Amino acid sequence: MNMAVSPIPDDKLQNSDFLTDVLAGLSEEQKTLPCKYLYDEAGSRLFEQICELDDYYLTRTEAAIFREHITAMAQQVGPGALIVEPGAGNCEKVELLLEHLQAPSGYYPIDISPEILLAAKARITARLPNIEVTASIGDFTQADVWQGLKDITPRKRVLFFPGSTIGNFTPEHAEVLLEFFASKLSRGDGLLIGTDLVKDSIVLERAYCDSEHVTEEFNKNILARINSELNANFDLAHFAHRAFYHPLRQRVEMHLVSLKSHTVQIAGRKFEFAEGETIHTENSHKYSISGFNRLLSSAGFTPIRHWCDSEQRYAVHYAQIS
Ligand code: AVJ
């Protein structure tokens, strides 16, 4: 393998963001790839499989917290709220909340995938016909996808950001993102957000180095994607999946380790890999309750309350603009 002729001529790849980001990331001293590129169609499907794994406690723990405390959460949100969900995807997590809210004014999901978002809108409208769904298609870090909010004037807006997605950002970038969220809200508006908590490193590492090797496949998929989209010749067998908890940085880091010294070509450029050299592919930051409250405060939110599972593995926080 590896010699297959790609359908895309190298010069046609010139102005792709993906190519620019890949070349820049692999030119750094510590090679990196932006984690957002893990989530193409195959990667998103693998991530869904990860969420079902026994070793990956995050998704089911968060779901259990929502089930157990949904009445209190709905009460905290209050009547007449518009729920805004950046990166809503299939909008499955919000349904329970929408069902329990008192006279919600609507739901405003934002996502880059029109197919997934429009299918989700149809499903929610069928199940909850009284809730007005305004789907906004695009990258939630860009201002334009928030424009539609100007035409909606609810009693209050509540941002819904579950899934520990905030953990993908370094604390510095998380603060910038939360400040950006705060800039879309007014006094009295809220934020309902899920975070994974700091805990025993064995439990954390098992979640990202699962016994069924799905996370390995998820991690290596980024190389397969670079091969097929950017005329590259990564041999996936020359890389191993590695995930470890870094206690000082309070994060799980995911890497791909080169198993031998070799050269890879990407869109006509050569990249050298030493034996044991890694590509850093993802971070998953973990927080204590007090640490996350500090982050919320520094971004302009007032932490109001939080809900945890009995083992304190995961937390859902409610914060507001005071
Ligand atoms: C989607 C960022 C919440 O960090 O737990 C899971 C991604 N990567 N296994 C996480 C992920 C490998 C996940 N988040």
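Within 16 Å of the ligand (Cβ to nearest atom) and in a helix (DSSP H, G or I) - does that describe any residue in region 105-120?
Within region 105-120, one or more residues are within 16 Å of the ligand (Cβ to nearest atom) and in a helix (DSSP H, G or I).
Please tell me if residue 200 is open to solvent by less than 60 Å² (accessible area, probe 1.4 Å) and of a type in the set (D, E, K, R).
Considered against the rule, which asks whether it is open to solvent by less than 60 Å² (accessible area, probe 1.4 Å) and of a type in the set (D, E, K, R), residue 200 comes out as no.
Across region 67-96, what is the number of residues that are closer than 17 Å to residue 129 by Cβ and out of contact with any Phe, Trp or Tyr (no Cβ under 7 Å at 6 or more places or on another chain)?
So the count comes out to 2.
Is at least one residue of region 20-28 acidic (Asp, Glu) and in a helix (DSSP H, G or I)?
Step one: filter region 20-28 for residues acidic (Asp, Glu), giving 21, 28.
With the extra rule that they be in a helix (DSSP H, G or I), the set shrinks to 21.
Checked region 20-28: at least one residue is acidic (Asp, Glu) and in a helix (DSSP H, G or I).
Which numbered condition trips up residue 92, out of (1) closer than 30 Å to residue 228 by Cα; (2) without any contact (Cβ under 8 Å) to a residue 40 or more places away in the chain; (3) assigned to a loop (DSSP other than H, G, I, E, B)?
(1)
Among residues belonging to region 232-259 that are polar (S, T, N, Q) and open to solvent by 30 Å² or more (accessible area, probe 1.4 Å), point out the one that is nearest to residue 22 (Cα to Cα).
Among residues in region 232-259 that are polar (S, T, N, Q) and open to solvent by 30 Å² or more (accessible area, probe 1.4 Å), the one nearest to residue 22 (Cα to Cα) is 233.
Take the conditions outside the structural domain of residue 219 (by TED's automatic domain parsing), at pLDDT below 95 and part of a helix (DSSP H, G or I) and apply them to residue 44. Does it pass?
yes
Do we find a residue being more than 20 Å from residue 61 (Cβ to Cβ), open to solvent by 20 Å² or more (accessible area, probe 1.4 Å), part of a strand (DSSP E or B) and modelled with pLDDT of 95 or more anywhere in region 286-300?
no
Name, by its number, the condition in (1) away from the ligand (no atom under 16 Å from the Cβ); (2) within 20 Å of residue 169 (Cβ to Cβ); (3) outside any strand (DSSP E or B) that does not hold for residue 275.
(2)
Taking the criterion of being open to solvent by less than 30 Å² (accessible area, probe 1.4 Å), farther than 22 Å from residue 286 by Cα, in contact (Cβ under 8 Å) with a residue 60 or more places away in the chain and touching a His at 6+ places or on another chain (Cβ under 9 Å), would at least one residue in region 65-76 satisfy it?
Among the residues of region 65-76, at least one is open to solvent by less than 30 Å² (accessible area, probe 1.4 Å), farther than 22 Å from residue 286 by Cα, in contact (Cβ under 8 Å) with a residue 60 or more places away in the chain and touching a His at 6+ places or on another chain (Cβ under 9 Å), which makes the answer yes.
Residue by residue through region 109-157, note down the ones that are out of contact with any Ser or Thr (no Cβ under 9 Å at 6 or more places or on another chain) and β-branched (Val, Ile, Thr).
112, 124, 125, 134, 141
Got a sec? Which of 188, 106, 167 is modelled with pLDDT of 95 or more and surrounded by fewer than 16 Cβ atoms within 10 Å (Cβ to Cβ)?
Values: 106 fails: surrounded by fewer than 16 Cβ atoms within 10 Å (Cβ to Cβ); 167 fails: surrounded by fewer than 16 Cβ atoms within 10 Å (Cβ to Cβ).
The conditions single out 188.
The values are calculated or read from the model by the stated rules, or taken from the named source; none is laboratory data. Predicted model only: the values in this text are computed from it and were never measured. Note that we place each Cβ from the backbone using ideal geometry, even for glycine, and neighbour counts take in every protein chain shown. To get the accessible areas, we keep the full protein, side chains included, count just its heavy atoms, and leave off ligands, DNA and RNA. Shrake-Rupley method; radii C 1.70, N 1.55, O 1.52, S 1.80 Å.
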